[in-house]
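Take a look at the structure below.
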Amino acid sequence: MLTSFSSSDIAASIAKSPTVDQIGILERVARIQTRSFKGASKIQGLKMALSMIDLTTLEGKDTPSKVRQLCYKAQHLHDQAPGLPMVAAVCVYPTMVKEAKKALGNSGIKVASVSTAFPSGQAPFEVKKIDTLYALENGADEIDMVISRGRFLAGDYQFIYDEIAAIKELCTSARLKVIFETGELDSLDQVRKISDLAIVAGADFIKTSTGKIQPAATFPVVLTMLGSIKDHFDRTGQMIGMKPAGGISSSKLALQHLLLVKEVLGEAWLTNEWYRFGASSLANDLLMQYQKQLTGKYQSAAYFSID
Amino acid sequence: MSQKNWNLEPSLESAALLKLQDQYELFIDGKWQAPLSKKYFDSINPSDESKLAKIAWANEADTDVAVKAARTAYENVWSKLSGAQRGKYLFRIARLMQEQAKELAILETLDGGKPIRESRDVDIPLACNHFFYYAGWADKLQEAFAGQQISSLGVAAQITPWNFPLLMLAWKVAPALACGNTVVLKPAETTSLTALKFAEICQQAGLPAGVVNIVTGYGDTGAALVAHTDIDKIAFTGSTAVGKQIQKACLGTSKKLTLELGGKSANIILEDAPIDQAVEGVINAIFFNQGHVCCAGSRLYVQESIAAQVLAKLKFRLQSIYVGNPLDKNTDIGAINSKKQLETIERYIKLGIAEGGQIYQPTCELPSKGYYCKPTLFTDVAQSATIAQEEIFGPVLTIQTFRTMEEVIQKANNSPYGLAAGVWTDKGSRIFGLSQQLRAGVVWANTYNKFDPASPFGGYKESGFGREGGRHGLSAYLKFSN
């Protein structure tokens, strides 16, 4: 174990999690949603959002060919518009990591692999370990693990802590994102608790959802998680990354999320080292808005490649 | 990977929609009438010190004409209408206000300096809702006061403040008309324009002449109105000093009086509070409308065990508050209403430093023209310090710590005012316990500055008397015979 925590330490850590007031959270969110994005700052925001995307395909029907297409798109978002960044990472199942790694070459784009019996997490711990090791051995730069939501809801925080810490131990050089699947958790208090727990257990990033369950990355959930990251930073000086995934499909939402990060955490988090969007359809909306800002005209969706 | 900072660009609401006149007359007996005083004053845009319009300055003779018009309209028309007919006019006014909401919001922001986000999302919608709410009561007054003999009062003189010009007009005019009274309203001299726009709306609604009269001017106009012998009711919202003068002027008369005055409201954070939301709530409580709010949460009390954390979070949050052009949709804190008020606030800030308080202001840049003040925190403030006792009416928060519940209740109540209070805690029992012991007209729990037409509002002690809003608000405009 990298960090050793006794169960009483874990209980103490959870007990310290502040309560979250839902109404207050909604008010704060409403304020962010009245912000207006214009001109050069909008263009800067759109490009920033593009550079933070984990371009994702997580389907049973994924094939190497589909993954290769996605990897090309990751490097060439819209070649007609010069000066666009590449996305941050491509996110795939462990079986597709090797293909993605090959296709991305030395582009600088990371390969993220989901693991630990994504999306349900309902597998024996040994299986989760093998799942993760397989992804790492095939070259995954980042591991997106899921927590055992059932054990969390049952109050077995020690289990969750051990699970995260054990996977973290495997990720010697890879960065670990911990997915909570907040759509299956009961309240914002629970979201805050799991955020605090995952961070002390070694998460490099905390991530809202698998994308398989609705609701996913809602503003209240994201704001609650950002609060946990902020408090951890204020206590320890250590930065933790944030990845909302699922449900952020429009540019406007993405820009509002970025502004929330800026206001709650600060400018330092506004890079793809510390902030990611887990998304598949967001990229094209950002591209359409970007073109609109440059040319003053909306183009048809037909002009933007789907893969 | 480093990059340049990401800052929002201004996103200005266009004022081109407005059709401002160069000069405004008095609105008396349904017509625009030049003042007998022959005097006018300038209305200034506090965000850039430009002149918006020339406005008539009513003298005693003008107020007399207005009161006579209101009396005639009361005797001949308004008191003879049924409640349902009065309600019809009020509904019509409410709908017209809604239709012209954007115009009203821009006008309120230009004239008063408040952020467009607030005039658009708070002031104007709430003002409309007050008219809708009291329109609904107009034909149900007997049900509101079952078993009691009720009748209208007659002519009401109403004097409104500059912090929520149209909203305070709505708080006063809507219940007065619903109860069958006619009104003479004097808006604050720095913010007359939405009241004058409201006069146009009364015309568009076909409201009978003389039911609503608007006389603009300074304090002398208000004094003449208060002193008029044919007034049945005075409703005033404003400073405690002026409130006391009005109360003196009413001695020995049968004029019915409601006063909604100043405040120095306590906002209390207990150690079990949802801290991030409490911090956000404290920000909204004191910096809403630049702190020009009678119930602003201007005295913060934080339990000692969490004080350092709360203070650090407040300071951090202040860095992301946008201060600037009120017409910018991203602005959180706009312009101070007038040069005079800015000077008052600056005087208090200097005094706070002289009294030994530790000042904190964020590093934001203020516009070079116009009246602006940075959001300001004071720590190490004594309960006996002037800035902790007197109403500043600006974006200045004093912060004190406490150890026990008993201590904070004593300190919160240790004020000549008693308008509002806020309590932040996760425990329901503490909410109920504290709200019973805090001597304040409103106690908000885990929120602040929430208003609704159905909820009565008003103060204890030197914060005034009488209630506005809700069913309670009706009784201020009715005579009870038995």
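The values are calculated or read from the model by the stated rules, or taken from the named source; none is laboratory data. Owing to the predicted nature of the structure, the values given are computational and were not obtained by experimental measurement. As a convention, Cβ positions derive from the backbone with ideal geometry for all residues, glycine included, and neighbour counts pool all protein chains shown. The area values use the complete protein model at the heavy-atom level, side chains included, leaving out ligands, DNA and RNA. Shrake-Rupley method; radii C 1.70, N 1.55, O 1.52, S 1.80 Å.
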| In segment B:42-73, which residues are among the β-branched types (V, I, T) and assigned to a helix (DSSP H, G or I)? | B:T63, B:V65, B:V67, B:T72
| Within segment B:22-51, can you find the residues that are surrounded by fewer than 18 Cβ atoms within 10 Å (Cβ to Cβ) and either within 24 Å of B:P326 (Cα to Cα) or under 23 Å from the mean Cα position of the chain (by Cα) (or both)? | B:D22, B:Q23, B:F41, B:D42, B:D48, B:E49, B:S50, B:K51
| said: Taking the criterion of being among the aromatic types (F, W, Y), within 11 Å of another protein chain (Cβ to nearest Cβ) and assigned to a loop (DSSP other than H, G, I, E, B), would at least one residue in segment A:35-44 satisfy it? | reply: yes
| field | Failed condition for B:W6, given (1) more than 14 Å from chain A (Cβ to nearest Cβ); (2) hydrophobic (A, V, I, L, M, F, W, C); (3) out of contact with any strand residue (DSSP E or B) (no Cβ under 6 Å at 6 or more places or on another chain) | value | (1)
| request: Of the conditions (1) modelled with pLDDT of 95 or more; (2) within 13 Å of chain B (Cβ to nearest Cβ), A:Q293 clears all except one; give me its number. | output: (1)
| Identify, please: which residue in segment A:162-187 is within 24 Å of B:I275 (Cβ to Cβ) and surrounded by 22 or more Cβ atoms within 10 Å (Cβ to Cβ) and is, among those, nearest to the chain's Cα centre (by Cα)? | A:V178
| B:P375: open to solvent by 50 Å² or more (accessible area, probe 1.4 Å) and out of contact with any His (no Cβ under 9 Å at 6 or more places or on another chain), yes or no? | no
| task | Name the single residue, out of those in segment A:129-147 being within 28 Å of A:V191 (Cβ to Cβ) and touching a residue at least 40 places away in the same chain (Cβ under 8 Å), that is most open to solvent (accessible area, probe 1.4 Å). | result | A:K129
| message | Only one of B:T258, B:T221 is open to solvent by less than 10 Å² (accessible area, probe 1.4 Å), among the polar types (S, T, N, Q) and more than 21 Å from B:Q389 (Cα to Cα). Can you tell me which? | response | B:T221
| Hey, among B:I286, B:I306, which residue is of a type in the set (V, I, T), at negative phi and buried (at least 24 other Cβ atoms within 10 Å of the Cβ)? | B:I286
| remark: Listed by range, strands (runs of 3 or more DSSP E) wholly within segment A:50-159 having at least 1 residues that are charged (D, E, K, R) are A:53-56, A:110-115, A:142-146
| remark: Flagged in segment A:148-157 as crowded, with 17+ Cβ neighbours inside 10 Å and modelled with pLDDT under 95, in numbering order, are A:Y157
| field | Selection count, segment B:53-69, where residues are open to solvent by 30 Å² or more (accessible area, probe 1.4 Å) and within 24 Å of the chain's Cα centre (by Cα) | value | 2
| Pair list, Cβ under 9 Å, 6 or more apart: segment A:17-29 residue more than 7 Å from chain B (Cβ to nearest Cβ), other residue among the aromatic types (F, W, Y) | A:L26/A:F219; A:V29/A:F219
| request: Being hydroxyl-bearing (S, T, Y) and farther than 19 Å from A:P124 by Cα is the filter here, so list the residues in segment A:157-190 that pass it. | output: A:T172, A:S173, A:T182, A:S187
| query | Which residue, of B:I349, B:I246, B:I321, is of a type in the set (A, V, I, L, M, F, W, C), out of contact with any helix residue (DSSP H, G or I) (no Cβ under 6 Å at 6 or more places or on another chain) and either more than 14 Å from chain A (Cβ to nearest Cβ) or surrounded by 19 or more Cβ atoms within 10 Å (Cβ to Cβ) (or both)? | reply | B:I349
| note | Within segment B:4-19, the residues that are open to solvent by 60 Å² or more (accessible area, probe 1.4 Å), part of a loop (DSSP other than H, G, I, E, B) and among the aliphatic types (A, V, I, L, M) are none
| task | Scan segment A:265-285 for residues that are in contact with a strand residue (DSSP E or B) (Cβ under 8 Å, 6 or more places away or on another chain) and not in a loop (DSSP other than H, G, I, E, B) and jot them down. | result | A:W269, A:Y275, A:F277, A:G278, A:A279, A:L282, A:A283
| Inter-residue pairs, beta-carbon under 8 Å, first within 14 Å of another protein chain (Cβ to nearest Cβ) and in segment B:446-457, second open to solvent by 50 Å² or more (accessible area, probe 1.4 Å), 6+ apart | B:N446/A:I23; B:T447/A:I23; B:T447/A:E27
| Just a yes or no: is a residue in segment A:227-247 over 28 Å from A:T172 (Cβ atoms) and either part of a strand (DSSP E or B) or more than 14 Å from chain B (Cβ to nearest Cβ) (or both)? | yes
| task | Considering only residues that are in contact (Cβ under 8 Å) with a residue 40 or more places away in the chain and surrounded by fewer than 21 Cβ atoms within 10 Å (Cβ to Cβ), look in segment B:378-398 and name the one that is nearest to B:V323 (Cα to Cα). | result | B:T379
| Enumeration of residues in segment A:253-283 that are more than 13 Å from every other protein chain (Cβ to nearest Cβ) and free of Cβ contacts under 8 Å to residues at least 60 places away in the same chain | A:L253, A:S281
| task | Could you check how many residues of segment A:249-264 are in contact with a strand residue (DSSP E or B) (Cβ under 9 Å, 6 or more places away or on another chain) and either among the polar types (S, T, N, Q) or open to solvent by 10 Å² or more (accessible area, probe 1.4 Å) (or both)? | result | 1
